[in-house]
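Written out below as structure tokens is the structure these notes cover.
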Amino acid sequence: MSIIKFLELDSKVDNRGYLGILESTRHIPFDIKRIYFLKNLQSDIPRGFHTHKKLIQAAVCISGNYEMILDDGKNKESVALNSSHSPLLIEPLIWHEMQNFSHDCIILVLASDFYFEDDYVRDYEQFLRMVNEEI
Ligand code: TYD
């Protein structure tokens, strides 16, 4: 099974434009406790390079495009994302990296919990040990 998982959002489109709808537990499989967004991203400066122990996230490309790399320690997959894509699910223990941002790229992230640095694993070798159940 692919580690690239999309969620279904609701949308209303008419001659006034596009309205995207994301409700906790209905479209997003968790209670949303935190929202953050990324903008003014640099095409040549990738971000991410971490995983989370427990946090579940959904990333929505609101504008522009970028590339997400997801890695479960065994398989690594890359997906080019733009604003026509559904939210991308980022599950715990999935290493993620973002790169090749367009100048107008805006990424909205919905998270299942508040920010806790202790939930982060920023060392790739430690991540590999964790998913291989060595720690
Ligand atoms: P960082 O994890 O480096 O961002 P990215 O994964 O996009 O590369 O986060 C940058 C800084 O912001 C870091 O010091 C942690 C902090 N931060 C918060 O304080 N709250 C948050 O909700 C997030 C996502 C990050």
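The values are calculated or read from the model by the stated rules, or taken from the named source; none is laboratory data. Everything quoted here is computed from the prediction, not taken from an experiment. Positions of Cβ are generated from backbone atoms using ideal geometry, with glycine treated the same way; all protein chains shown enter the neighbour counts.
Restricting region 1-29 to residues that are surrounded by 13 or more Cβ atoms within 10 Å (Cβ to Cβ) and of a type outside the set (A, V, I, L, M), the residue that is nearest to the ligand (Cβ to nearest atom) is Ser24.
Scanning region 105-134 for residues that are part of a loop (DSSP other than H, G, I, E, B) and closer than 29 Å to Arg26 by Cα returns Cys105, Ser112, Asp113, Phe114, Tyr115, Phe116. Listed by first and then second residue, the pairs with beta-carbon distance under 8 Å, at least 6 apart or on different chains, first residue in region 23-36 and free of Cβ contacts under 8 Å to residues at least 24 places away in the same chain, second surrounded by 14 or more Cβ atoms within 10 Å (Cβ to Cβ) and assigned to a loop (DSSP other than H, G, I, E, B), are Ser24/Phe30; Ser24/Ile32. Here Ile90 meets the list (1) surrounded by 16 or more Cβ atoms within 10 Å (Cβ to Cβ); (2) touching a residue at least 40 places away in the same chain (Cβ under 8 Å); (3) β-branched (Val, Ile, Thr); (4) closer than 19 Å to Leu9 by Cβ almost entirely, failing just condition (2). Of all the residues that make up region 49-66, how many are β-branched (Val, Ile, Thr) and farther than 17 Å from Phe101 by Cβ? Summing the residues that are β-branched (Val, Ile, Thr) and farther than 17 Å from Phe101 by Cβ in region 49-66 gives 2. Filtered by the rule that a residue be more than 14 Å from the ligand (Cβ to nearest atom) and surrounded by 15 or more Cβ atoms within 10 Å (Cβ to Cβ), region 44-60 gives a lone residue, Val60.
For region 65-101, name all the residues that are assigned to a loop (DSSP other than H, G, I, E, B), under 19 Å from Leu19 (Cα atoms) and modelled with pLDDT of 95 or more.
Of the residues in region 65-101, the ones assigned to a loop (DSSP other than H, G, I, E, B) are 72-75, 83-87, 91-94, 100-101.
Add one more test, that the residue is under 19 Å from Leu19 (Cα atoms), and what stays is 83-87.
Pro87, the sole residue that qualifies.
Report whether or not Asp104 is acidic (Asp, Glu), under 25 Å from Ile21 (Cα atoms) and either in contact with a Ser or Thr (Cβ under 9 Å, 6 or more places away or on another chain) or without any contact (Cβ under 8 Å) to a residue 40 or more places away in the chain (or both). Taking the combined requirement at face value, the residue satisfies it. Report yes if some residue within region 30-40 is at pLDDT below 95, more than 13 Å from the ligand (Cβ to nearest atom) and either under 29 Å from Leu19 (Cα atoms) or not in a strand (DSSP E or B) (or both); otherwise report no. No, region 30-40 contains no residue that is at pLDDT below 95, more than 13 Å from the ligand (Cβ to nearest atom) and either under 29 Å from Leu19 (Cα atoms) or not in a strand (DSSP E or B) (or both).
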